[in-house]
Amino acid sequence: MKESILYYDCFSGISGDMNLSALVGLGVPEDHLRAELEKLGLDGWSLRLTRDSKHGIFGLRADVELAGHEHNHEHAHEHNHEHGHEHAHEHNHEHEHDHEHDHEHAHRTLTDIKALIEASSLGQRVKANAISIFGVLADAEGKVHGKPASEVSFHEVGAVDSIIDIVGAAICLEYLKPDVVMASSVELGGGFVRCQHGLIPVPAPAVVEVLRGAPVRSGSVPFETTTPTGAAILATAVDEFTDDKRFSIVRTAYGVGHRDMPTPNLLRVFWAEREAPPRTMAKSSYGVRSAAGAETEGVVLECNIDDMNPELHGHVMDALFAAGADDVWITPIVMKKSRSAITLSALCKPAARESVAVAMLAETTSFGFRSYEVGKTALERSVSTVATSLGNVRVKSALSGGKVVRSKPEFDDVKALAEANDLSLVDAYAIVLRELD
């Protein structure tokens, strides 16, 4: 069985705009990306994708242009760290200073950005993954600046750039739907960069925090090559960091950066295929893998509630999923004075803990929650696409010892086929299951 691979070749690092242009070059339709981004309802921005080259290698360059600000490609991009553009993507310090002077009181917190994404008409998986990327970024910034992730603020101008880059990344990943996302060792650059607080070393503290545990290189050029937003996208989406490229390359694309330097400022991405390893299991939207039966880390957050309208339960569960929870459930309980109540529980990855916690407190009447780490063990799983008389459907299979022990079609796929063929869901299921058997 073949599996598809999205491979990030980060020989010159990664930034949010380079990721966006690279994935469009790899096959995400520009019209689809724009239409999905419009669902945010965010005013005052436009996305420009142009053909450009570095060292004779052509690709796409992305520029987020903001109304009233002539960004060109020197825009203060994604390093909108605590209280301002900590270090602009192109380090255009005069431009950066002007923005900070004109908008020194205009900031968006993680909560503001999460609310914007949740209120949009984007799909739930796009929302959840965008919020997870922002959560990783805010958690790292919070650790660097000594405060909770929920209190990290993004400068208004830079926040728009990051929202487009991060939500755009989630849109592109959802469109491509690779089985596995892989990345090479990440080049971080070197030297120093000036920010609001003075000179800081490259890699920036937030990048170091986000990529903790990932293989990195540094010092190829005296500039920053990996930005916090680029690092957060990798930390959230990548299943495996490896320089081993034992796969068949189907197509290649390049995201063009904005620097001229001795090495080409490019992000190269591959769409590739390989034979699926016999003992793997999926544990994320984009095919994160670990050995069968191996224990992976998770966090459970939960609270007891006896004073909330049950009509809100569905909304709360949706909000927790959108915040990055992998699973959410409600358990009926009896509290003191024989009050009927519920325990609301959410299981998530450690990186999504903060965003799920913020959602739990914001969307319920609870004054607090408890959390504990858990180990998760699961059967091997694989996903394949099967042709039926109604159309293609994804099938999830559970394996034990390399043998399939059970399979089931993806609910959303069967529902879509039922609607497309003007059938009831029950009848569509019966047809699909019969043909799968």
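When ALA341 is tested against the conditions (1) under 18 Å from the mean Cα position of the chain (by Cα); (2) touching a residue at least 24 places away in the same chain (Cβ under 8 Å), the lone failure is (1). Say whether the condition of being over 16 Å from ASP179 (Cα atoms), of a type in the set (Asp, Glu), at pLDDT 85 or above and over 20 Å from the mean Cα position of the chain (by Cα) is met by at least one residue in the range 264-283. No, that holds for no residue. For the range 405-415, the count of residues that are free of Cβ contacts under 8 Å to residues at least 12 places away in the same chain and of a type in the set (Val, Ile, Thr) is zero. Applying the selection to the range 106-159, what residues are open to solvent by less than 10 Å² (accessible area, probe 1.4 Å), over 21 Å from ALA204 (Cα atoms) and touching a strand residue (DSSP E or B) at 6+ places or on another chain (Cβ under 8 Å)? Once the filter is applied, which keeps residues that are open to solvent by less than 10 Å² (accessible area, probe 1.4 Å), over 21 Å from ALA204 (Cα atoms) and touching a strand residue (DSSP E or B) at 6+ places or on another chain (Cβ under 8 Å), the range 106-159 yields only ILE113.
Strands (runs of 3 or more DSSP E) fully within the range 192-272 that include at least 3 residues being without any contact (Cβ under 8 Å) to a residue 40 or more places away in the chain and within 20 Å of MET18 (Cβ to Cβ): none found. Here is the figure for the range 194-219: residues that are open to solvent by 60 Å² or more (accessible area, probe 1.4 Å) and within 21 Å of PRO264 (Cα to Cα) total 3.
A quick yes/no check of all residues on (1) crowded, with 19+ Cβ neighbours inside 10 Å; (2) over 22 Å from VAL328 (Cβ atoms); (3) at pLDDT 85 or above; (4) aromatic (Phe, Trp, Tyr):
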position	(1), (2), (3), (4)
MET360	yes, no, yes, no
SER371	no, no, yes, no
GLY375	no, no, no, no
SER389	no, yes, yes, no
ALA418	yes, yes, yes, no
ASN421	no, yes, yes, no
VAL426	no, yes, yes, no
LEU436	no, yes, no, no
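Of the residues making up the range 176-185, at least one is at positive phi and modelled with pLDDT of 90 or more. Residues in the range 323-338 that are in a strand (DSSP E or B), buried (at least 16 other Cβ atoms within 10 Å of the Cβ) and in contact (Cβ under 8 Å) with a residue 24 or more places away in the chain: ALA325, ASP326. Tell me whether the range 178-197 contains one or more residues that are among the charged types (D, E, K, R) and within 17 Å of the chain's Cα centre (by Cα). Looking for residues that are among the charged types (D, E, K, R) and within 17 Å of the chain's Cα centre (by Cα), one finds at least one in the range 178-197, hence yes. Hey, can you tell me all the residues within the range 293-322 that are part of a loop (DSSP other than H, G, I, E, B) and either open to solvent by less than 30 Å² (accessible area, probe 1.4 Å) or of a type in the set (A, V, I, L, M) (or both)? If the condition is that a residue be part of a loop (DSSP other than H, G, I, E, B) and either open to solvent by less than 30 Å² (accessible area, probe 1.4 Å) or of a type in the set (A, V, I, L, M) (or both), then ALA294, MET308 are the ones that fit.
Matching residues to (1) closer than 25 Å to LEU425 by Cβ; (2) among the aliphatic types (A, V, I, L, M); (3) modelled with pLDDT under 85; (4) open to solvent by less than 70 Å² (accessible area, probe 1.4 Å):
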| residue | (1), (2), (3), (4) |
| --- | --- |
| GLU380 | no, no, yes, yes |
| THR385 | yes, no, yes, no |
| VAL395 | yes, yes, no, yes |
| GLY401 | no, no, yes, yes |
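Just to be sure, is THR343 open to solvent by less than 60 Å² (accessible area, probe 1.4 Å), of a type in the set (Ser, Thr, Tyr), assigned to a strand (DSSP E or B) and at pLDDT below 90? So THR343 does not fit the description; no.
If you go through the range 175-187 and keep only what is open to solvent by 10 Å² or more (accessible area, probe 1.4 Å) and assigned to a loop (DSSP other than H, G, I, E, B), you end up with LYS177, ASP179, SER185.
Table: residues versus (1) outside any helix (DSSP H, G or I); (2) under 17 Å from ALA325 (Cβ atoms); (3) of a type outside the set (Phe, Trp, Tyr).
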residue	(1), (2), (3)
LEU116	no, no, yes
LYS127	no, yes, yes
SER132	no, yes, yes
LEU137	no, no, yes
ALA140	no, no, yes
VAL144	no, no, yes
LYS147	yes, no, yes
SER150	no, yes, yes
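Please work out which one of (1) touching a strand residue (DSSP E or B) at 6+ places or on another chain (Cβ under 6 Å); (2) surrounded by 12 or more Cβ atoms within 10 Å (Cβ to Cβ) is the condition THR50 fails and give its number. The number of the failed condition is (2).
The values are calculated or read from the model by the stated rules, or taken from the named source; none is laboratory data. What you see is a predicted model; the values in this text were computed from it and never measured. Glycine gets a Cβ as well: all are built from the backbone with ideal geometry, and neighbour counts include every protein chain shown. We work out accessible area using only protein heavy atoms, side chains counted, and drop any ligands, DNA or RNA first. Shrake-Rupley method; radii C 1.70, N 1.55, O 1.52, S 1.80 Å.
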